[in-house]
Structure formats: C-alpha cells, structure tokens
Amino acid sequence: NITPKRTSSLQHANKRSSVGSLLDRTRSVISKRASQPQEQPSIGGLHSIYDEDEDDTGEPIPKAPRLTSEHFSRYEIMTEFINLRNPNHCPLGVYVMPSADDLYVWYGVLFVHKGFYKSGTFKFRLSIPQNYPNQPPSITFLTDMFHPLVDVNGNVSISQQFPIWRPYQDYIFHILHYLKNMFKKVVLDGLNDKYCFNKEAYRLYRTDINVFGKLAQQCAQLSITESYLFDHFPDNNMIRFSPLSEAKFGKKKKKKKKKKKKKKKKKVIQLMRY
C-alpha cells in the first residue's frame, strides 16, 4: 500500500515553510522583550496581565507580561489563517473561514470538479485543539459523505497521511491539501485498510467500483440540492450560499459572453499581425 505523498511544494524536510519561519522569529522577539523591564501601563485594569514585585519602598515593580501557551496558540492559528493567502498554501477549490465566535473552529467548503465525486460541494468543520500545534486538527463533513476515510458521523481519518503528527512541521494547510486529495483516484487506490473509518466503502471500492461510483455520485448530487446548499447550519458558520435570482443570473451570463467575445477578437488581431 502506498501512502499519498505530501504536496510537492511541501516535501523539503529540511526546510520549514514561511509559517514556521515567521513563528520562530516571533518567539525570538517576544523572548527578547520578556527579558527587558516593562513600563507600568497607565490605563486602569491593564496591569493585571503583568507579574509584579515590590521594591524597598513598597512600590510595585512591573515585570514582563505573562505570555501563556494560549496566547502563542491563538497567534499561531491567526498566522496560519493569514498565510493561506500565499500561493500553494490553500488548495484550489477549498475555502475556509473561522467561525463567528470561536477562533478554534473553522468552517469550509470543498468543490470537487473531477472523479467519482464530480460536481460535489461539500461543507466541513475544522476543529483545532487548545494545545495546537502539539495535537492535530480534526475534520468533520457537514454534508452526508460515503467515502472510505469518513465515518457515519462525517469524521475524517487523517492517519493515512499523518500517522504521527509532527508539530511545527505539519500545519493546517497540509490538512486542507489532504482533504482535497482524498477525493482523487490516485489516493483512493493507495488507501490502507487500517486507516479507513468506513470499511464498507473501502470494500466496495476494491471489489465493485461501479457501485462505489454510483454511491459517490449520489453524495455529490445531494450536496448541491437546495436543502443542503442553502442550509445556514450552524449559525456561527460564516460561509453561506444563497439562491441567485433570474435577473442576476442573466447579467452574469451576459458578462461571460462579452468576455469570450473580447478574447476571440484579441486572438484574431494577434493572428493578423503575424
């Protein structure tokens, strides 16, 4: 059995990504600041984040702010989210957004354009543990899913590619690439039975590919029905779909036609020049 490889741009084991480099520099700056005396803040209440000692006169002497692991964790999560705008970080067809009330919960949608799950629009939740990056995030599909790596509750097995999670080497964007790749034939062909949550889906893929294909396509078609696509569940999910009116659809169609005509004209002009 062949374990799917990481994305090619992420395969350099001796080189950290820009996320890791940025976090290293940040820790260095924070540790330097922490070793220097801090000024007592003048706004009431803010001093509570500082450790204080007393001098000979009994006056409090402010020390460096207490930087807890939670502060680092939240900073790392925000840094990773911002870095998803970089090329090769967030895979094409995958969109994610932190929930409205919890940075440790992200919602996303995955568009599949090829293969057994073609035309599927699959919603998912990415849950980040409080001790991240020491523990990996978990992914749960909010759309019904028949897939060897997904159990009946929508939970995704990440052990196929991450049998051992490596903090500061494995990141959220690795998980997102894995999520997209798990729908590709090359990954389905290389699945290991022990990492599959849905044994029946795994068995069908191995023994009756036609039946598997029909069930996979049923999931894809179900995901784009109005009841699934326009459902705003849960409330803190900021990625929402809404129906497009006939008028707006007509306008977008006209714009597309105009763009196509312009492209054709440019090609004709270029050919005439040659």
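The values are calculated or read from the model by the stated rules, or taken from the named source; none is laboratory data. Treat the numbers as computed from the prediction; the structure is a model and nothing was measured. Virtual Cβ from ideal backbone geometry, glycine too; neighbours counted across all protein chains shown.
Quick check on my filter: what residues within region 210-238 are of a type in the set (Ser, Thr, Tyr) and exposed (fewer than 14 other Cβ atoms within 10 Å of the Cβ)?
Scanning region 210-238 gives THR225, SER227.
Here's the yes/no breakdown for (1) closer than 21 Å to GLN218 by Cα; (2) touching a Phe, Trp or Tyr at 6+ places or on another chain (Cβ under 7 Å):
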| position | (1), (2) |
| --- | --- |
| PRO136 | no, yes |
| ASP144 | yes, no |
| ASN153 | yes, no |
| SER159 | no, yes |
| ARG166 | no, no |
| ILE172 | no, no |
| VAL187 | yes, no |
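Looking at region 70-92 only, could you name the residues that are surrounded by fewer than 13 Cβ atoms within 10 Å (Cβ to Cβ) and either assigned to a helix (DSSP H, G or I) or modelled with pLDDT of 95 or more (or both)?
Matches in region 70-92: GLU70, MET78, ILE82.
Among the residues that make up region 162-182, is at least one of them in a strand (DSSP E or B) and either more than 22 Å from ILE224 (Cα to Cα) or modelled with pLDDT under 95 (or both)?
Yes; the residues of region 162-182 include at least one that is in a strand (DSSP E or B) and either more than 22 Å from ILE224 (Cα to Cα) or modelled with pLDDT under 95 (or both).
Run down LYS123, LYS118 and say which single residue is in a loop (DSSP other than H, G, I, E, B) and either under 23 Å from ARG240 (Cα atoms) or among the small types (Gly, Ala, Ser) (or both).
Numbers: LYS123 fails: in a loop (DSSP other than H, G, I, E, B).
Testing whether each residue is in a loop (DSSP other than H, G, I, E, B) and either under 23 Å from ARG240 (Cα atoms) or among the small types (Gly, Ala, Ser) (or both) leaves just LYS118.
Which condition from (1) closer than 24 Å to ARG240 by Cα; (2) crowded, with 21+ Cβ neighbours inside 10 Å is the one that ASN155 breaks?
(2)
Name the single residue that is surrounded by the most Cβ atoms within 10 Å (Cβ to Cβ) among those in region 183-201 being over 22 Å from the mean Cα position of the chain (by Cα) and either among the basic types (Lys, Arg) or assigned to a loop (DSSP other than H, G, I, E, B) (or both).
Looking at the filtered set, the residue picked out is ASN198.
Being at pLDDT 95 or above, outside any strand (DSSP E or B) and within 21 Å of TYR95 (Cβ to Cβ) is the filter here, so list the residues in region 140-160 that pass it.
MET145, HIS147, LEU149, GLY154, ILE158
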